[in-house]
Amino acid sequence: SVPLGKGERVLVATAQGQAILTPVDDIPMRSRTAGGVKVIGLADGDSVVAAGV
């Protein structure tokens, strides 16, 4: 995990060439035991190959 601050953005890229750049302020906070947040929808057979801040 990486601590993020207000105004920062997250980039997620997939093997099939999809990418999304979204502000962290748009991603809801979750508790440690929560299931997480879906940032990008993946097509069948696609996978995340990179993520960065």
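What follows draws every value from the coordinates through simple rules; no lab data is involved. Quantities reported herein were computed from a predicted structural model and do not represent experimental measurements. Quick reminder, even Gly has a Cβ in these numbers, built from the backbone with ideal geometry, and neighbours come from all protein chains shown.
Each of 2, 48 has some number of other Cβ atoms within 10 Å of its Cβ, and from fewest to most they run 2, 48.
Using θ = phi - 60° in the Karplus curve 6.51 cos²θ - 1.76 cosθ + 1.60, the 3J(HN,Hα) couplings for region 27-44 round to 9, x, 6, 10, 6, 4, 8, 6, x, x, 10, 8, 8, 9, x, 10, 6, 4 Hz; x is entered for Gly and Pro. The alpha-carbon atoms of the chain, seen along their principal axes, cover 30, 24, 17 angstrom, with the largest extent given first.
The slack in the chain from residue 8 to residue 46, taken as 0.36 nm per residue of separation less the alpha-carbon distance, amounts to 11.1 nm. Here the dipole of the chain is about 220 debye; that uses its Cα centre as origin and unit charges on the Cβ of Lys and Arg (positive) and Asp and Glu (negative).
With neighbour counts taken as other beta-carbon atoms within 10 Å, the residues 10, 39, 49 rank, fewest first, as 49, 39, 10.
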